[in-house]
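So the structure is just underneath, and the comments pick up after that.
Nothing in this text is a laboratory measurement; each read-out follows from the coordinates by a stated rule. Every value quoted in this text rests on a predicted model; they were computed, and no experiment measured them. We place every Cβ from the backbone using ideal geometry, glycine too, and count neighbours over all the protein chains shown.
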Amino acid sequence: MTPPPVPGPAPLAPASPEAGARAATTAGAAGRNAVRRPAAWLVPALAAVLTALLAVAGSGTAGRLANGGYTATGTESARANALLADRFGAGNPDIVLLARAAGGVDTDRARAAGQDLTARLARAPGVASVRSYWPGGDASLRAADGAAALVTADLAGADRDAARTAEKLVPGLTGRQGVLDVSATGGAWVSVEAREQSQRDLMRAELVAAPVTLLLLVLSLRTLVAALVPLVIGAVSVVGTTALLRLLTYVMPVSVFAMNLTSALGFGLAVDYGLFLVTRYREELRAGHPVELAVRHTAHRAGRTVAVSACAVALSMSALLVLPLPFLRSMACAGMAVAVFSAATATVLVPPVLTLLGTRVDRCDPLTVLRRGRAAGPPRADSPAWRAVARAVTRRPLAYGGGCALVLLLLASPFAHVRFGLPDERVLPSHTEAHRTSDEIRARFASSADRTVTVVLPRADPVRDAAALRAYARTAAALPSAGKARWAATPGATAAGGPRRGVVLLLSGPRQAQSTAGQELVRALRALPAPGGGQLVTGRSALLTDTREAVRERLPLAAAVAALATWAMLFLLTGSVLLPVKGLVIGALSLGASFGALVFVFQDGHLRGALGGFTATGTLDISMPLLMFAIAFGLAIDYEIFLLSRVRERYLLTGDNRRSVVEGVARTGRLVTTGALAVAVVTGALATSGVTSLKLLGTGLATAVLVDAVLVRGVLVPAYLTVAGRLNWWVPARLGRLHARVAGRLGLADGH
């Protein structure tokens, strides 16, 4: 074990009042000189122009977003859906119209109104095919009480195109249509309502997050001028994020929820990075450095830490790219772009802004009146409260660290009974049309679309294999949890010009399509010998089964990508082999607490009133924990980098591990806590959303960052660093030489 050498001088002593006054005078003169330089205004001026252009470029982003992409690609159910659409002109309908008639759907007036409704829908631009109770009289499209019937439509184009078509068509087809009372649901209409709801939620979240974040920054930095710098960086980042999302929509489908999440993430990261840079700059000023030197040191030392942090967040998000869910891949690309853009905004814009402000960064303390007019001056570089906590933890590291680990495990325990599912219209508020209509269809129709299990027999001959097909249908209907079986095309029928190639069997599954019984039915159907040799099973139960299996297969690779990338970044920063491993283990442990909270609240249905109400389905959307893990793990490593950079800096100066840990916690405690609170505010504002997916992400991310900032960085990490001692900095000689070469070229070899 070879710790790094301890170079000469001890830590700098605080400057005397006289030296501080002289330094302030010098700094003020340097700041005034910097303001006079035209070049000092160039970057902020260009940034203002670029921000205005980005605002214009991002103005139409919301209209280009769409819902979907929550199921795995390349699976059996995905191939079955493609075959249904290509060969049979069928599939999951994009629009479902529920038509109610007071006197029943079979009266002459109801039949005439239904046929007119069907004809208008079929003639509309963008409609590929229509299936209706009128005039065919398909019993599966008639409610059990005979008072309602369904009209469904498949729309042309991708999800985004279908949503645009639905947005134009549905308002003219719903409401009173003659004797019919019509309401709508279906994937395309859910997408429209989700986009509208998320836009309202985004505006409300921004109106709440911005003033609360400003208040937090003022309380932490004690001056309005200093607090406004991170906030301005956050605003620029949100505008840039929106433009980046629009650019991304030209490459891939992007979720309607992407703008809410990435705007919150971009604002939170930018504020985090801006706060870190401003805090370091004020430290440099208090050390007696003139403005120009303080800015240079800030950009050189803290700027590198911000760059490493952004890379860690982006690399954590990149792990989602290997998962076969289009929604997660698009969110990964958006999240990576946002992290890099936020860091670039902070590191490029903050130094010239600080140069222009000079020592005026400490002006305008709004809280002076609470201190009876006595100006308090800038806060100390360290936090006495966190210093006291660090000293207590480092005196008894095993007791505090073990107790903290036990608390985190207890908080994570509900995750042991997690049940994964797929999202549907119930993520919308219960008062929305798509949600209400789907609930009514489930209650009134014996075979709703989400209960139907579809079996495609692509090689069966409906004439030659007619008897075998009827026997197959009887066997399938006799399986546990199976209901009535019916043919989409009757065996023995012929297509125009010759025999039909392939047939489709529709089977009613259990009422809860995403239950274990539904998934077992899918497996049993796939095990049956099929006429013609081979079958493809799809439907909601099959999509969930295949998505879970596909995610399970690729999850080890995704975890390896995140772990290796994070280890490499922490190794470059610290030069240690064990500290990155510790960061991975403790980061995963801290996230377990937030995962447990998600199961307790959103799966089990506790605390619904406190979060504004939502529909508990008994499952968690399988994509949400994966997305939350990537984001929250990146943020956890973000705070890890802030803490370790200061611990390493002090250790290189003193060689005293325990004192370095105490000093690192004392100097980053307030910073990490304020940054975590800011991120918790902007992501937690998503918890006020009416969309359950956004509510879940906001609650989970806010919980994750607060637990990480308080329990993990404040207690668990200092306890580990103390127990490990000099082992923290151990590195094999060959790997140490490699680190010295690479980190030296990147400017990371001399501490922060």
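In whole Hz, what ³J(HN,Hα) sequence does the stretch 695-703 give by Karplus (6.51, -1.76, 1.60; θ = phi - 60°), x for Gly and Pro?
My calculation for the stretch 695-703 gives 4, 5, 5, x, 5, x, 5, 4, 4 Hz in order.
Quick one: which residues, 5+ away or cross-chain, put their amide H under 5 Å from the amide H of Gly421? H built at 1.01 Å from N.
For Gly421, whose amide H was placed from the backbone, the distant partners under 5 Å are Leu620, Asp621, Ile622.
Over the C-alpha atoms of the stretch 683-739, what are the Rg and the largest Cα-to-Cα span, Dmax, in Å?
Every Cα atom of the stretch 683-739 included, Rg and Dmax give 18.8, 55 Å.
Within the chain, what percent of beta bridges assigned by DSSP are antiparallel, to the nearest 5?
90 percent
Please arrange Val308, Val585, Val393 by how many other C-beta atoms lie within 10 Å of their C-beta, fewest to most.
Lowest count first: Val585, Val308, Val393.
Normalising by the residue count of the stretch 94-185, find the relative contact order in percent from Cα pairs under 8 Å and 6+ residues apart.
Reported relative contact order: 44 percent.
I need the calculated FRET efficiency for the pair Ala399 and Val585, taking r as the beta carbon distance and R₀ as 22 Å, to the nearest 0.05.
Efficiency at R0 = 22 Å is approximately 0.65.
Tell me, what ³J(HN,Hα) does each residue in the stretch 406-413 have, in order and in whole Hz, if you take phi through Karplus 6.51 cos²θ - 1.76 cosθ + 1.60 with θ = phi - 60° and put x for Gly and Pro?
In residue order, the calculated couplings are 5, 4, 5, 5, 5, 5, 7, 4 Hz.
Highest mean first, how do 541-550, 523-532 rank when packing is the count of other Cβ atoms within 10 Å averaged over residues?
Most protected by this proxy first, the peptides run 541-550, 523-532.
Note down the Stokes-Einstein diffusion coefficient of the stretch 546-644 in µm²/s, whole number, using a Kirkwood radius over alpha carbon pairs, 20 °C, and 1.002 mPa s.
The estimated diffusion coefficient comes to 140 µm²/s.
Given H placed on each backbone N at 1.01 Å, which residues far from Val503 in sequence or on other chains put an amide H within less than 5 Å of it?
Leu457, Ala460
Over the stretch 515-610, what relative contact order in percent results from Cα pairs under 8 Å that are six or more residues apart?
15 percent
Report, in deg cm²/dmol and to the nearest 500, the calculated mean residue ellipticity at 222 nm for the chain, where each DSSP H run with n ≥ 4 adds -39500 (n - 2.57) and the sum is divided by the residue count.
Calculated from helices alone, the mean residue ellipticity at 222 nm is -20500 deg cm²/dmol.
What list of ³J(HN,Hα) values in whole Hz, one per residue of the stretch 337-352 in order, does the Karplus curve 6.51 cos²θ - 1.76 cosθ + 1.60 (θ = phi - 60°) give from phi, with Gly and Pro shown as x?
Along the stretch 337-352, the couplings run 5, 5, 4, 5, 5, 5, 5, 5, 4, 5, 6, 8, 8, 5, x, x Hz.
For the stretch 624-752, just list the percent of Cα-Cα distances falling in each 5 Å bin from zero outward, please.
Percent of Cα pairs in each bin: 2, 11, 17, 18, 16, 14, 11, 7, 4, 2, 0, 0.
Taking the Cβ of each residue in Trp189, Trp41, Trp730 as the centre, tally the other Cβ atoms inside 10 Å and list the residues starting with the fewest.
Final ranking by Cβ density, sparse to dense: Trp41, Trp730, Trp189.
Given 25 °C and 0.890 mPa s, compute D for the stretch 440-545 with the Stokes-Einstein relation, Rh being the Kirkwood radius over Cα pairs; round to the nearest whole µm²/s.
Reported coefficient: 176 µm²/s.
Set the Förster radius R0 to 41 Å, insert the Cβ-Cβ distance between Leu410 and Arg176 as r into 1/(1 + (r/R0)^6), and round the FRET efficiency to 0.05.
0.15
Taking just the C-alpha trace of the stretch 94-185, give me its Rg and Dmax in Å.
That works out to 12.6, 38 Å for Rg and Dmax.
If neighbour count is taken as other Cβ atoms inside 10 Å, put His417, His289 in order from fewest to most.
The most exposed by this proxy come first: His417, His289.
What is the gain in length, in nm to one decimal, between Ala478 and Glu520 on full extension, counting 0.36 nm per residue of separation less the C-alpha to C-alpha distance?
13.8 nm
Taking H placed 1.01 Å from N in the peptide plane, check which residues at least 5 places from Ser129 or on another chain put their amide H under 5 Å from its amide H.
Asp154
Throw me the Rg/Rh for the chain, computed over C-alpha atoms with Kirkwood Rh, two decimals.
1.06
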